[in-house]
Amino acid sequence: MSVAINSIKDEIKRRTEAELKKIISNADEEVQKVLRAAKEKAERVRTETVKTEVTTMRRKIIGSTQLDGRRTIINAKEEALSKAFDKVNEKLIDIANRKDKKFKYEEILFKLIKEAVLKIDEKKILVAANKRDLSYISSNLSTIKRKLEKELGYKLDLTIMKEPRHIIGGIIVNNADKTKIFNNTLDGRLMGLKGSMRGEISKALFE
Amino acid sequence: MSIELLIEEERKSIKQIEDVRTKAEKKIADSQKEAQKILDQAIKKEFIQKYLQKEEEKVNEEAKKVLNKYKKDVAKIKQIPSNKIQKMVDRILDEVLKI
């Protein structure tokens, strides 16, 4: 075989190899392209198909979690508020039982009676209280009445109601025909503040 | 004789190229079939279920994070210093006894 023939033969081989490589490479590229496009389209189709379901599921799960979370926050706040009000309740019991020497319960009780009488705005008054306070008021009725009349500037007819009330302290006042009532008990005042001071206390404790 | 050799070489080359081209076309055709399979699976019920399951797992993970945030807030509320509570107790007491 001549050198020229060999050279042509090598050239044919080289050209063939190059062509084969090109065909294989193009085919691989095309395969990758087709599969990639299919996967992307599949993802789009899938996302579109389940979009509503996923949104609903997400809203349901996250929504319910947020609701539970908010509920636990509210409960924790309620617990803290109750703790504060329970402590006040305990303090009021000590004050009414004259265990807390910083307070003079007799003076507090007189002020409560005076305020209630003023609110009722009548001369014939019925006073109700717990057993301990009824006993104190009964024993000191004339002194209390005199002091009230002096401070209010008019005569009063005070009647003590025999039936004791189950309260921490303070009084409940009625007019003679019981058409007017004023609850000036420590319990009632505290109860009223639970509503009116809620915002202020929450702000002070939780912000 | 030499020319015949070259013709034979060329013939072999054409045959080789044709074979590889046929294989390549088959490979592409197979990939198109595979692509169709991928698309078909995308809308198959069990595949959707699987996908939804995965999404649910993701959402549950997110929900855990949301819950942890609330738990931290609750812990913070439970750790209110006693002096802060005492201050409020005194403030309420003042108000009860403000006659």
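Read-outs: derived from the displayed coordinates by stated rules, not from any lab. All figures in this text were calculated on a predicted structure; none of them were measured in a lab. Every residue, glycine among them, receives a Cβ derived from its backbone with ideal geometry; neighbour counts consider all protein chains shown.
Of all residues in segment A:1-36, those satisfying the criterion of being facing chain B (nearest Cβ under 7 Å), part of a helix (DSSP H, G or I) and of a type in the set (A, V, I, L, M, F, W, C) are A:ILE5, A:ILE8, A:ILE12, A:LEU20, A:ILE23, A:ILE24, A:ALA27, A:VAL31, A:VAL34, A:LEU35. Any residue at all in segment A:178-185 that's touching a Phe, Trp or Tyr at 6+ places or on another chain (Cβ under 9 Å) and within 21 Å of B:LYS98 (Cα to Cα)? Looking for residues that are touching a Phe, Trp or Tyr at 6+ places or on another chain (Cβ under 9 Å) and within 21 Å of B:LYS98 (Cα to Cα), one finds none in segment A:178-185, hence no. Looking across segment A:152-186, just one residue is assigned to a helix (DSSP H, G or I) and either under 27 Å from B:ILE77 (Cα atoms) or in contact with a strand residue (DSSP E or B) (Cβ under 6 Å, 6 or more places away or on another chain) (or both), and that is A:LEU186.
Among the residues making up segment A:26-54, those that are surrounded by 11 or more Cβ atoms within 10 Å (Cβ to Cβ) and either in contact with a strand residue (DSSP E or B) (Cβ under 6 Å, 6 or more places away or on another chain) or under 17 Å from B:LEU52 (Cα atoms) (or both) are A:ALA42, A:GLU43, A:ARG44, A:VAL45, A:ARG46, A:THR47, A:GLU48, A:THR49, A:VAL50, A:GLU53, A:VAL54.
Residue selection: B:LYS78 fails the criterion of being of a type in the set (Lys, Arg) and either under 35 Å from the mean Cα position of the chain (by Cα) or more than 30 Å from A:ARG189 (Cα to Cα) (or both). Inside segment B:31-63, residues that are in a helix (DSSP H, G or I) and either under 19 Å from A:LEU35 (Cα atoms) or touching a residue at least 24 places away in the same chain (Cβ under 8 Å) (or both) make up a count of 13.
Sub-8 Å Cβ pairs linking a first residue in segment B:6-27 that is farther than 26 Å from A:ILE5 by Cβ to a second residue that is of a type in the set (Val, Ile, Thr), at least 6 apart or interchain, are B:ARG21/A:ILE23; B:ALA24/A:ILE23; B:ALA24/A:ILE24; B:LYS27/A:VAL31, ordered by first then second residue.
Has segment A:79-88 got at least one residue that is under 17 Å from A:ARG132 (Cα atoms) and of a type in the set (Phe, Trp, Tyr)? No, segment A:79-88 contains no residue that is under 17 Å from A:ARG132 (Cα atoms) and of a type in the set (Phe, Trp, Tyr). Mind checking whether some residue in segment A:56-64 is within 27 Å of A:GLY199 (Cβ to Cβ) and either facing another protein chain (nearest Cβ under 10 Å) or in contact with a Pro (Cβ under 8 Å, 6 or more places away or on another chain) (or both)? Checking segment A:56-64: not a single residue is within 27 Å of A:GLY199 (Cβ to Cβ) and either facing another protein chain (nearest Cβ under 10 Å) or in contact with a Pro (Cβ under 8 Å, 6 or more places away or on another chain) (or both). Can you name the residue in segment A:105-144 that is surrounded by fewer than 16 Cβ atoms within 10 Å (Cβ to Cβ) and small (Gly, Ala, Ser) and, of all such residues, is farthest from the chain's Cα centre (by Cα)? Within segment A:105-144, the match that is farthest from the chain's Cα centre (by Cα) is A:SER142.
Candidates are the residues of segment A:90-104 that are buried (at least 20 other Cβ atoms within 10 Å of the Cβ) and facing chain B (nearest Cβ under 10 Å); the one that is farthest from B:LYS84 (Cα to Cα) is A:ILE95. Screening the candidates A:LYS194, A:LYS119, A:LYS124, A:LYS162 for the property of being over 21 Å from A:ASN89 (Cα atoms) and within 14 Å of chain B (Cβ to nearest Cβ) yields one hit, A:LYS119. Only one of the numbered conditions (1) under 23 Å from A:ILE181 (Cβ atoms); (2) in a helix (DSSP H, G or I) is violated by A:GLU107, and that is (1). When segment B:72-83 is filtered for residues that are loosely packed, with under 13 Cβ neighbours inside 10 Å and part of a helix (DSSP H, G or I), the ones remaining, listed by number, are B:LYS72, B:ALA75, B:LYS76, B:LYS78, B:SER82, B:ASN83.
Each row is one residue, and each column tells you yes or no for (1) over 30 Å from A:ARG14 (Cβ atoms); (2) within 7 Å of chain A (Cβ to nearest Cβ).
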position	(1), (2)
B:GLU18	no, no
B:LYS27	no, yes
B:LYS37	yes, no
B:LEU52	yes, yes
B:LYS65	yes, no
B:LYS78	yes, yes
B:ILE85	yes, yes
B:ILE99	yes, yes
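When A:LYS77 is tested against (1) under 27 Å from B:ILE85 (Cα atoms); (2) more than 7 Å from chain B (Cβ to nearest Cβ); (3) of a type in the set (Lys, Arg); (4) surrounded by 14 or more Cβ atoms within 10 Å (Cβ to Cβ), just one condition goes unmet, and that condition is (2).
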